[in-house]
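Colleague: Please see the structure below; I have some questions.
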Amino acid sequence: MMKTCFIKDQDFPVFIKNVIASENLIGPIAKQNKFVFDKLDNPEELRLDYDVTILPPKKYFFPPSQKLIEFDGEKYHDCIDPKKIILFGVHFYDIKSLDMTDYLFTEGKTDMNYMANRDAATIIGSNIQNVSERAFWGCIGREVKPKGHDGFITRLKDGSGYVYEIISHKGESLLTYGIFRDATEDEISAATRVNEEIMLECEARLPFPTDQLAERVRAEFNNEELWNELAEGCFSCGTCNTVCPTCYCFDVHDQWNLDQKSGSRNRYWDACLTSEFAKVSLGAGSSENFRSTRGERFRHRIMRKAVYLNDKLGGPACVGCGRCSTSCTADIADPARVYNKIMELEKEAEVAAQRSQNIFMPKQAMILRAHQATATERHFTLKMADGSSVHFEPGQILEVSLFGYGEIPIGYASSPTRTRTFDIVVRAVGRVSKALNKLDVGDSMFVRGPLGHGFPMEKLRSQNILIIAGGIGLCPTRSLIQYIMDRRDEFGKFTLFYGTRSPSERMFLDDLIDWHKSPDIDFFETVDTAEDSWDGNIGVITTLFEKSKLPSDTRVIICGPPVMYKFVIRELDKAGIPHDNIYVDLERRMKCGIGKCGHCQINDKYVCKDGPVFPFSEVEDLEEAL
Amino acid sequence: MKKDVNINVHHLTRVEGHGNILVDVKKGKIEECTWQVPESPRFFEAMIRGRHYTEVARITSRICGICSIGHTLASVKATESACGIEITEQVKKLRTILKHAENFDSHVLHVGVLVAPDLLGAPSVFPLVASHGPVVACVLRLKRLGHEWGSVLAGRTTHPTTVIPGGFSKMLTKKDLVDLKEKILASVDDINTLVATVASLAPNIPAFDRPTEYVAVSSDDEYGLYDGLIQTTMPDGKKERFSVADYKLVTNEYVSPNSTAKYAKHNMDSYAAGALARFNNNREQLHPEAKKIAEALGMTSLVTNPYLNSAAQVIECVHSVYDSLRLIDELVADPDYDPHQELVKPTRFGNGSSAVEVPRGILFHEYTYDKEGMCIGGNCIIPTNQNHGNIQLDFDKLVPEMLEADKSEEEMTLALEMLVRAYDPCISCSAHYLDVRFKK
Amino acid sequence: MGKPKVGFFDFSSCEGCQIELTNYGDADFLELLNHIEIVEFREAMSEKADHLDIACIEGSFTRESERKRLEDIRARADVVISFGACASTGGINALKNHQSDFKEYVYGKDADSPHLQSNLKALPVEAAIKVDYKVLGCPMDKYEFLNIVSSLLHGKTPYIPDYPVCVECKRRETICRFDLGDHCLGMVARAGCGAPCPADGIPCEACRGFVTNPNEDSLEKVLIDHGMPEERARTKSRMFTNTMRSDA
């Protein structure tokens, strides 16, 4: 059902007017200095430029108070009576939240008091034109995509009109109310750009991937001091719950009508931050409160959002709308602030732990898999002997050693999205590497890391990416390639150039086959020289530039033998790529890995500590760098 | 006839607040004949000390639950005067419609629920549910109209929310105004029923006359309620006006040894405030529909029977209905009407006073604020207090007259109770104890 | 069983909560009378009763001389309800409780006159007699009162929320007073009223009293952070919750 249409700006109000005339149209409207979803009476009320509404749209499916049953003496009936509505102009984070409540209300036994309303609704998303101050949807749970909507409308930047992406029959049925035509390719890509660009306008308030969140937050569960400090100003007012699009707790009360015979059973939004929430009566006026302190209640909410539901929802139960944060009177509810505080705790703990640690002490790692990739290169998959997970950024390095032989720096060759294991490739060239290459499954190595700085992920997200890997340069970049493939939606066009001297030096052959087949990556390969059996491109790596059109806003990563850089950068200059957007992965003799021993120093920089990845603009004028 | 009479009505019923009637006649000689007000003191003057000017009306509103709209309006007006705030003409009109709502609501309650049982010989309205069902239902419907009419403007009728210094915190849209008009118009039949019922019971209203001085808000522009000067009318019809800031020249409060509430007097030994006082001061400015009712009830000139205060209230109900309809029409026709207008901000902080007609009569508020807008003092003079002296003098004339006519103790008790009720006293108000100073 | 006999009594108050009973309108009020019998109600009727199933007491306990009247009501009634803020928490009358000079301030040298005999503090009715249930609010919410009456008619403990007014503001999507440059006590005020005041454009003054365990320190800080002078912020919650403050 993917079809994309276009409506001109001047035709849009008439479209809305026609929908209002025939349907029950709900959209964002202004309420003093805020916005709310409400029924529209005329097109002028619709404010698609809203930043965020006070309450999320869940109020239409799960109202603040809802009759479940009406009774009259012994007679009773349910109150499911869905009204057909069109919910128009919903931002993607609210669609995601509806996806979550859809799941939660249908998981196990379906709650039709919610789902009947949900089924009766048509949901049309719209692009975000203004970012609310406390929003962090740009950086939380990006791996979870909205899916519960019937259409999505994007206002083009030039004001010419709106691109309407139809997702379901319900979404298609709106076409009859306005003058739509098929959208052109240019219009569709302009709409894509609008939606990509707004993601960058949302301040990246979580400087770490959200998949690390659950584990770290859970680790602080018993840190009573932390939670009490975070909740010190808390009024237990439940506002953070009440405005949250993914909160769905409720309480049920019966009520008699004045005739004292008939009445209703009603449910009301409840809030776990209020002191009553976990209180049970023990009779005779006494009671027990299972979360009696502000800190315990505050912790429960953060756990609900960041930890408890993650497995069910595929990510945190938080969409980054920022409502709790803006509406908390004491201004303590902001989850981004809480998460960052917890992450910093970890960092502080790390610093403290590091000080008490000898920097040269490695940890044991076990070989899970070993595979001879080429004549000289051996590919290992390792896990830490103590079972701990590994957290690194693509492009970072580690020191690998064998006692009696020595230590060498090697880049991670797998994606950090796989935290239980990691890959390295060892080229047998020296004393240490030759010894390492003799190891097999079940043997141990001793590792220190991660060390240095990897690829700048926050600058690469949402961008078009080109990776140019020469020879063994594919090993550290494989970490980034896998990362991008695992989070493909977070990046733009993705191209890979891989060059080796001959086909026999090609590594990761299974990967290469996959990448050639995958629609997610434009993969071009070349070899300098080859036998007749090679049916691929022959020539130096720069010959690949003719094969791919390179947008000038592409971010480029280069990793390969030093001789390759000069020629590649000449090609990139031709394509108009600014040097700020080029990153190079430098190789030097590294010993200590912590910027002390001096071996890898280039001018004032240490490759092991400041690199090995550098923006090209930072090192191009540095003597000895390239 | 030299008989003994002993009447001791402790906590008179069907009035707002607590009052006692004590009559002691020994062998035909009146030893005691007093109207006592023993309500608990509440110290409002101490309460408003140190409170912000935006909070003061919310505090003084709590002086009285039945006329809290009037207290709020008087308080807000006095505060606006003290803060140099000039409200817009539209806000003034809306507040006048609100004033009408309160008077209507209160008069309906008083006449229909508190006085009617006397005229129908019942101890309360509850037995009337069975005996006079349709009339009680009609009264309750009108009561609901008064409540809804006031609520739509003031947020609620008991301790209103929206009336604040500088305007309204939430103002009616034109559509709200049109809806209100429809609602009032839909009740015209019930209003006519009430008027006809009271007219039919008019013969049951006791005949008694005691000319006195009548004090009310008066304006050249309209029948004085929300705004105007202070005016007094003497029994001979002579009128005199005073500016609001000079209210103490009129009230001249003094302490009676019989009561904890203060009494007031002006040219004569006492004066009357309330619907009858307003009628006697301003009847020429009544809406023609109200004038018609006055004529039908035979009230065409100065009326000196205090029992007819209830009749004057019915006349005012009709006036409030039609004058409100007029004001609504004006606001709806006003092209500049802006329901989102900003509140007018204070331009200074100092002293200010106000006079507003509440159902029971003229009400004065006065406040002084320091330069931060915090209250440093205040004074309220309540209509019921102003009537206490007049009630006492009515007693002094009525009791000998009834002794003369050889009325039984029961008849005398009822007549005295009915007299007090006719004034519709609001004793919670009168015991607010703002600025009370006892004589030595 | 006949209809429960209900009486209404008033002490120091504005009697506005009783007035609210007249605001149900014809249909609801007459229906209510099908289920209870109002046997004593000085404001509206002259009849008196010996025994009461439910006594609703409006107003604060402010004079020692009122104790006997309260005890008399308690002795006659099976269930005693403190009716409205004055009776339940001391209400507005307690606004002067922290002052030691209010009598002298108001009465001058006549402060000791026997007429003016008064407790130093305005107290809730439960300071004198046992109270079974409380109807909160100034004025009380007439529909909440109906729910309480319904519960009692069915022998069920009435449900009164113990969460702050913020919950109800958010449920009805009222813009926070703080977002409009104003202040509010909704964060510490007990809900159940439906939050009419902020919806009408004025701050919540906590007329239903505090929630259990109000965060008074945070309240003061938030008020000051939003521009309120410190002294005013410190005394702000005296209007309706003076008997419930930690310094009471």
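Colleague: Would you pull out the residues with amide H under 5 Å of A:F494's amide H, same chain only if 5 or more places away, H placed 1.01 Å from N?
Modeller: Under 5 Å from the amide H of A:F494: A:I465, A:D522.
Colleague: If you don't mind, there's one more thing I want to ask. Roughly how crowded by other chains is peptide B:381-394, in terms of the mean Cβ count from those chains within 10 Å of each of its Cβ atoms?
Modeller: On the way: counts 0, 0, 0, 0, 0, 0, 0, 0, 0, 0, 0, 0, 0, 0.
Partner Cβ neighbours, averaged per residue: 0.
Colleague: Between A:D211 and A:D440, what length in nm is gained on full extension when 0.36 nm per residue of separation is reduced by their alpha carbon distance?
Modeller: 79.3 nm
Colleague: Using the Karplus curve 6.51 cos²θ - 1.76 cosθ + 1.60 with θ = phi - 60°, work out ³J(HN,Hα) for each residue of the stretch A:335-342 in order, rounded to whole Hz, and write x for Gly and Pro.
Modeller: Calculated HN-Hα couplings, in order: x, 4, 5, 5, 4, 5, 4, 5 Hz.
Colleague: Ranked highest first by the average count of other Cβ atoms within 10 Å around their residues, in what order do B:108-116, A:53-61 fall?
Modeller: B:108-116, A:53-61
Colleague: Quick check: convex hull of the Cα atoms in the stretch C:136-248, volume per residue, rounded to a whole Å³? Could the numbers behind the result be given before it?
Modeller: Values: hull volume 11.6 nm³, N = 113.
Each residue corresponds to 102 Å³ of Cα convex hull volume.
Colleague: Can you compute the helix-only [θ] at 222 nm over the protein assembly as shown? Use -39500 (n - 2.57) per DSSP H run of at least 4 residues, normalise by all residues, nearest 500 deg cm²/dmol.
Modeller: So the calculated ellipticity at 222 nm is -9500 deg cm²/dmol.
Colleague: Would you mind checking the radius of gyration and Dmax of the stretch B:261-420 based on alpha-carbon positions, in Å?
Modeller: Answer for the stretch B:261-420, Rg first and Dmax second: 20.9, 66 Å.
Colleague: If you don't mind, another one. What average count of beta carbons from other chains do you get within 10 Å of the Cβ of residues in B:153-163?
Modeller: Numbers: counts 0, 1, 6, 9, 6, 13, 9, 2, 7, 4, 2.
So the per-residue partner count for this stretch is 5.
Colleague: So what is log10(I(q)/I(0)) for the stretch B:155-206 at q = 0.23, 0.24, 0.26, 0.31 1/Å, when the Debye sum runs over its Cα atoms only?
Modeller: -0.90, -0.93, -0.98, -1.08
Colleague: Please work out the ratio of the alpha-carbon Rg of chain C to 2.2 N^0.38 Å and round it to two decimals.
Modeller: The reported ratio for this selection is 1.07.
Colleague: Can you give the charge dipole size of the stretch C:1-92 about its Cα centre, rounded to the nearest 20 debye, using +1 on the beta carbon of Lys and Arg and -1 on the beta carbon of Asp and Glu?
Modeller: Taking the Cα centre of the stretch C:1-92 as origin, the dipole is about 380 debye.
Colleague: If you don't mind, there's one more thing I want to ask. Diagonalise the Cα gyration tensor of the stretch A:3-201 and give the resulting equivalent ellipsoid semi-axes, square root of 5 times each eigenvalue, largest first, whole Å.
Modeller: The three semi-axes for the stretch A:3-201 are 30, 20, 16 Å.
Colleague: What spacing in nm lies between the two simple spin-label points modelled at A:K347 and C:A127, each 7 Å away from Cα in the Cβ direction?
Modeller: 5.5
Colleague: If you don't mind, another one. Taking the protein assembly as shown, how much of its Cα-Cα pair set, in percent, is spaced more than 53 angstrom apart?
Modeller: 41
Colleague: Modelling each spin label as a point 7 Å along the Cα-to-Cβ direction, I'd like the A:N228/A:K574 distance in nm, to one decimal.
Modeller: Simple spin-label model gives 6.9 nm for this pair.
Colleague: When the chain is fully extended, how far beyond the present Cα-Cα distance does A:V252 get from A:E620, taking 0.36 nm per residue of separation?
Modeller: Stretched fully, the A:V252-A:E620 segment lengthens by 125.7 nm.
Colleague: Of the residues B:L73, B:L128, B:L98, which exhibits the maximal mean-square fluctuation in a Gaussian network model of chain B defined by a 10 Å Cα contact cut-off?
Modeller: B:L128
Colleague: Magnitude of the Cβ-charge dipole of chain C, K/R +1 and D/E -1, about the Cα centre, nearest 20 debye?
Modeller: Roughly 400 debye, rounded to the nearest 20.
Colleague: On the protein heavy atoms, probe 1.4 angstrom, tell me the percent of accessible surface of chain A carried by carbon and sulfur.
Modeller: Carbon and sulfur together cover 49 percent of it.
Colleague: So between A:D486 and A:S502, what do we pick up on full extension, going 0.36 nm a residue minus the alpha carbon distance?
Modeller: Result: 2.8 nm gained on full extension.
Colleague: So, one more: Excluding ligands, DNA and RNA, what is the solvent-accessible area per residue of chain C at a probe of 1.4 Å, expressed in Å²?
Modeller: Dividing the accessible area of chain C by its residue count gives 35 Å².
Colleague: Hey, can you rank A:94-102, B:306-314 by average C-beta count inside 10 Å, highest first?
Modeller: Put in order of decreasing packing, that is B:306-314, A:94-102.
Colleague: Determine, for the stretch C:5-153, the count of lysine pairs separated by eight or more sequence positions (or lying on different chains) whose alpha-carbon distance falls under 19 Å.
Modeller: Count of close lysine pairs: 11.
Colleague: Moving to a separate point now. Note down the nm distance, to one decimal, between modelled labels 7 Å out along Cα→Cβ at A:S462 and at A:T110.
Modeller: Each label point lies 7 Å from its Cα, and together they span 3.7 nm.
Colleague: Still on this structure, I have one more. PRE reach from A:K279 (point 7 Å along Cα→Cβ): which of the stretch A:215-242 fall under 19 Å by backbone N?
Modeller: Those under the cut-off are A:234-242.
Colleague: Here's something else I'd like to know. Cross-chain or 8 or more residues apart, Cα under 21 Å: how many lysine pairs in the stretch B:227-377 fit that? Count them up, please.
Modeller: Values: B:K238/B:K248; B:K238/B:K265; B:K239/B:K248; B:K239/B:K265; B:K239/B:K291; B:K248/B:K262; B:K248/B:K265; B:K345/B:K371.
Qualifying lysine pairs in the stretch B:227-377: 8.
Colleague: Given H placed 1.01 Å from N in the peptide plane, which residues other than close sequence neighbours of A:F250 have an amide H under 5 Å from its amide H?
Modeller: For A:F250, the qualifying residues are A:D270.
Colleague: Over chain A, calculate the relative contact order: mean separation of alpha carbon pairs under 8 Å at least 6 apart, over the residue count, as a percent.
Modeller: Computed value for chain A: 10 percent relative contact order.
Colleague: Over all directions, what mean area does the Cα convex hull of the stretch B:33-160 project, stated in square nanometres?
Modeller: 10.7
Colleague: Continuing with this model, one more query. Which residue, chosen from B:T368, B:I315, B:L331, occupies the Cα position most advanced towards the positive end of the dipole of the stretch B:315-369, where the dipole is computed from +1 (Lys, Arg) and -1 (Asp, Glu) charges on Cβ about the Cα centre?
Modeller: Positive-end residue among those listed: B:T368.
Colleague: Which lysines, on any chain, are close to B:K407 with Cα under 18 Å apart, when same-chain ones fewer than 8 places away are left out?
Modeller: B:K2, B:K3, B:K26, B:K27, B:K29, B:K397
Colleague: Now a separate question. Considering only protein heavy atoms and a 1.4 Å probe, what is the carbon-and-sulfur percentage of the accessible area of the stretch C:5-153?
Modeller: With neighbouring chains kept in place, the figure for the stretch C:5-153 is 52 percent.
Colleague: So which residues in the stretch C:76-99 end up with at least 20 square angstrom less accessible surface once the other protein chains are there, compared with the chain by itself, probe 1.4 angstrom?
Modeller: The answer is C:I92, C:N93, C:L95, C:K96, C:Q99 - residues whose exposure falls by at least 20 Å² when every protein chain is included.
Colleague: What are the ³J(HN,Hα) couplings of the stretch C:158-163, residue after residue, when phi is run through the Karplus curve with 6.51, -1.76, 1.60 and θ = phi - 60°? Round to Hz, x for glycine and proline.
Modeller: Karplus values, whole Hz, x for Gly and Pro: x, 8, 10, x, 10, 10.
Colleague: Enumerate the calculated ³J(HN,Hα) couplings along the stretch A:15-31 in order (Karplus 6.51 cos²θ - 1.76 cosθ + 1.60, θ = phi - 60°), each rounded to whole Hz, writing x wherever the residue is Gly or Pro.
Modeller: Along the stretch A:15-31, the couplings run 4, 4, 4, 5, 5, 4, 5, 10, 10, 8, 9, 10, x, x, 10, 7, 10 Hz.
Colleague: Would you list the P(r) distribution for chain A, with all Cα-Cα distances sorted into 10 Å bins from 0 and each bin expressed as a whole %?
Modeller: For chain A, the pair-distance distribution reads 3, 14, 21, 22, 18, 13, 7, 2, 1, 0.
Colleague: What are the semi-axes of the equivalent ellipsoid of the stretch A:457-585, taken as the square roots of 5 times the eigenvalues of the Cα gyration tensor, listed largest first and rounded to whole Å?
Modeller: On the way: eigenvalues 96, 61, 33 Å².
Gyration-tensor ellipsoid for the stretch A:457-585: 22, 18, 13 Å.
Colleague: Moving to a separate point now. How large is the Rg to Rh ratio of chain B when both quantities use alpha carbon positions and Rh follows Kirkwood? Before the final figure, lay out the partial values.
Modeller: On the way: Rg = 21.2 Å, Rh = 22.1 Å.
On the Cα set of chain B, Rg over Rh gives 0.96.
Colleague: Which of A:F71, B:A216, B:L249 sits farthest toward the positive end of the charge dipole of the protein assembly as shown, with +1 on the Cβ of Lys and Arg and -1 on the Cβ of Asp and Glu?
Modeller: A:F71
Colleague: Still on this structure, I have one more. Across the residues of C:27-36, average count of Cβ atoms on other protein chains within 10 Å? Spell out each step's value before the answer.
Modeller: On the way: counts 5, 3, 7, 6, 4, 2, 2, 3, 5, 1.
For this peptide, the per-residue mean of nearby foreign Cβ atoms is 4.
Colleague: Charges on Cβ only, +1 for Lys and Arg, -1 for Asp and Glu, centred on the Cα centroid of chain B; of B:L120, B:I66, B:T173, which one is farthest towards the dipole's positive end?
Modeller: B:I66
Colleague: Over the stretch A:363-451, one equal point on each Cα, no solvent: what is log10 I(q)/I(0) by the Debye formula at q = 0.25 Å⁻¹?
Modeller: Debye intensities relative to I(0), on a log10 scale: -1.43.
Colleague: Which far-off residues, 5 or more places away or on another chain, put their amide H under 5 Å from the one on A:L68, with H placed in the peptide plane?
Modeller: Here A:R265, A:N266, A:R267 satisfy the definition.
Colleague: If the reach is capped at under 17 angstrom between alpha carbons, list the lysines near A:K341, excluding any in the same chain fewer than eight residues apart.
Modeller: A:K305
Colleague: Could you give the longest part of chain A that holds none of the GluC sites (Glu not before Pro) found in DSSP loops with at most 11 neighbouring Cβ atoms within 10 Å?
Modeller: A:134-530
Colleague: State the volume of the convex hull built on the alpha-carbon positions of the stretch A:201-310, expressed per residue in Å³ and rounded to an integer.
Modeller: 171
The values are calculated or read from the model by the stated rules, or taken from the named source; none is laboratory data. In this text, all values refer to a predicted model and were calculated from it rather than measured experimentally. Don't worry about glycine lacking a Cβ; one is built from the backbone with ideal geometry, like all the others, and counts go over all protein chains shown. For the accessible areas, the whole protein counts, side chains as well, though only heavy atoms, and no ligand, DNA or RNA atoms are used. Shrake-Rupley method; radii C 1.70, N 1.55, O 1.52, S 1.80 Å.
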